[in-house]
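I have placed the structure first, in the form of structure tokens, so that the comments after it can refer back to it.
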Amino acid sequence: MAKVEPEPLQQAPAQTIIGNGIERKMSMAASRNLPLDRYYLKGDVGFELPKKIEDVDKQFFTNLLHAQNLLEPDNEVTELDAKIIGADKGFTSNVVLAKLKYKNPPSPGTSPEKLVVKIMGAGLRIKGLIDSFIVHSIIFPNEIRFFAENKDATCPAHYPTNYFAHSRGKDHIMVMEDLNDVAICGDGAAGGASYDQCVQVMLYLAKLHGHFWGKRHEKNSPSSVQNLFAGSDLNIYPLLLKKVMPTGIKVFRKAFPHILEKIGSETLDTMSKRWKAIARIYRSEPMTLCHGDMKLDNIFFKKTDGSVIAVDWGVCGWGNPMADLSYFFGRSVETVDRRKWWDELLDIYYNELISVNPSIKSIYNKEKMITDLSYTSLVPFFTVCGTLKGLQNDVVNQTGSFAPEGQRSTDDQIKRVWMDQSLTRVAELIKDSNTKESLESSLIKVDPSLPVIPCCCFWTMWGNK
């Protein structure tokens with residue numbers, strides 16, 4: 001089936017960027033958050049792009065900053081101190097921190113001294129990803145679309161400044177501001193989030209959700225982004241569930257029987273009969289912009305006041321806001337802490353939500369929040385099952401992270417512990433949220449006449465597997 005090309009985005013007038021013989025106009029302010037269009041996503045950029053970490057050199061930064069009018073024409077980068085701060089981070093990327101020095105000291109605030117470069121990683125299968133096509137054609141371009149389309153400068157939820165982004169074929173690169181001087185990244189491997197961190201995340205998500213509530217079709221919103229696991233596109237999401245989740249759940253049953261007991265086999269049986277209904281509930285109102293991957297490793301806490309800057313927007317999309325809360329609770333909060341802080345954290349979230357957007361109070365209450373949480377508690381489970389699908393051979397052959405204890409490499413042991421901890425938290429969340437009862441009750445009573453976000457019809461690729 002042919003791919004559906006996205007409509008080009010509108011650009012603001014002013015500065016000229018030239019590539020492949022085509023002029024593109026944009027304002028200096030806009031260029032800092034780079035309103036890309038299809039030209040930037042698919043076309044030539046007029047200078048050589050790095051394809052691997054070793055190619056991130058002085059000439060690349062000089063060319064880039066010149067093209068973005070962030071460096072005077074007669075100036076150049078003369079010294080570069082680059083180091084890897086994350087190898088195969090997240091779905092796709094290696095992350096490089098670059099410190100720049102110039103031939104002529106630029107005026108304060110005009111040329112960045114530090115930049116973070118996110119470039120396509122080599123080990124796509126390192127975390128058992130579903131399919132490399134999804135990574136190349138959906139996830140990395142999705143993050144670019146977030147920065148490309150999001151021209152709303154009034155959002156109180158903060159994300160890093162994006163200086164440059166390009167995605168074409170299997171070559172992907174983003175250049176962003178460095179946050180390490182002003183904020184500290186959460187550490188998912190160090191245990192669950194603290195109470196103070198949970199409070200800040202609730203405030204952040206309330207700001208994000210409240211600000212974009214009902215704004216999906218406004219011209220300054222990132223309206224085409226989509227979340228693979230929280231139902232951002234009604235037409236393709238049921239197919240994702242039907243084709244990916246049964247295999248992932250089968251692997252889960254075999255590899256984690258001790259955790260299956262916590263969820264209950266009956267819950268999974270019920271869920272497996274309701275894919276279309278689950279997809280519809282995730283696509284029903286309320287609809288707002290969701291981060292999609294809200295876990296400690298993607299959250300920076302400012303050194304000044306602890307407030308949040310969220311990174312890694314590759315799976316952001318429009319959906320039910322409770323999917324973000326469920327994902328955070330399931331992936332980053334210890335069960336005993338979640339149970340202790342649950343009511344208070346939901347109050348903090350809701351009070352901030354209606355403070356940011358008072359109109360929400362008349363259409364969305366705490367009771368509806370709790371109901372939605374009982375459905376969206378499955379979202380973090382789906383993400384782990386999506387990963388498990390790619391690890392099926394390791395489970396069957398007892399290799400990698402599923403080798404007998406004592407025969408795993410250090411890296412495989414770390415991954416196995418991560419999966420055990422994540423799935424245990426998720427299982428307890430599903431049980432506490434009365435998800436099975438919700439699946440058996442009013443789940444299918446959802447308005448089927450929901451708008452659809454245009455996307456590439458790539459899901460048929462799985463049909464032959």
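The values are calculated or read from the model by the stated rules, or taken from the named source; none is laboratory data. Note that this is a predicted model, so its numbers are computed, not measured. Virtual Cβ from ideal backbone geometry, glycine too; neighbours counted across all protein chains shown. Heavy atoms of the whole protein, side chains included, go into the accessibility calculation; ligands, DNA and RNA do not. Shrake-Rupley method; radii C 1.70, N 1.55, O 1.52, S 1.80 Å.
Quick notes
- Qualifying positions in region 139-172 - part of a loop (DSSP other than H, G, I, E, B) and open to solvent by less than 10 Å² (accessible area, probe 1.4 Å): Ala157, Pro160
- Within region 397-413, the residues that satisfy the criterion of being open to solvent by 40 Å² or more (accessible area, probe 1.4 Å) and in a loop (DSSP other than H, G, I, E, B) are Gln398, Thr399, Pro404, Glu405, Gly406, Gln407, Arg408, Ser409.
- Filter result for Ser377 (farther than 22 Å from Pro141 by Cα, among the small types (Gly, Ala, Ser), surrounded by 24 or more Cβ atoms within 10 Å (Cβ to Cβ) and within 15 Å of the chain's Cα centre (by Cα)): no
- Residue among Thr78, Thr110 that alone is of a type in the set (S, T, N, Q), open to solvent by 20 Å² or more (accessible area, probe 1.4 Å), more than 17 Å from the chain's Cα centre (by Cα) and modelled with pLDDT of 90 or more: Thr78
- Criterion (at negative phi, modelled with pLDDT of 85 or more and part of a loop (DSSP other than H, G, I, E, B)) met by exactly one of His217, His211: His217
- Boolean, Gly90 is on the phi > 0 side of the Ramachandran plot, open to solvent by 10 Å² or more (accessible area, probe 1.4 Å) and at pLDDT below 80: yes
- Restricting region 353-363 to residues that are open to solvent by less than 40 Å² (accessible area, probe 1.4 Å) and not polar (S, T, N, Q), the residue that is nearest to Ala206 (Cα to Cα): Leu353
- Restricting region 269-294 to residues that are part of a loop (DSSP other than H, G, I, E, B) and open to solvent by 20 Å² or more (accessible area, probe 1.4 Å) leaves a set whose member that is modelled with the lowest pLDDT is Glu285.
- If the condition is being without any contact (Cβ under 8 Å) to a residue 40 or more places away in the chain and not in a helix (DSSP H, G or I), then region 334-367 contributes only Asn365.
Results for (1) at pLDDT below 80; (2) farther than 26 Å from Ala82 by Cα, shown as yes or no for each residue.
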| residue | (1), (2) |
| --- | --- |
| Ile126 | yes, no |
| Phe133 | yes, yes |
| Asn162 | no, no |
| Ser167 | yes, no |
| Val175 | no, no |
| Asn180 | no, no |
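- Answer residue from region 295-337, given it is closer than 21 Å to Ala190 by Cα and of a type in the set (S, T, N, Q) and is surrounded by the fewest Cβ atoms within 10 Å (Cβ to Cβ) among those: Ser307
- Of the residues Ala206, Ala193, the single one that is small (Gly, Ala, Ser), in a loop (DSSP other than H, G, I, E, B) and surrounded by 24 or more Cβ atoms within 10 Å (Cβ to Cβ) is Ala193.
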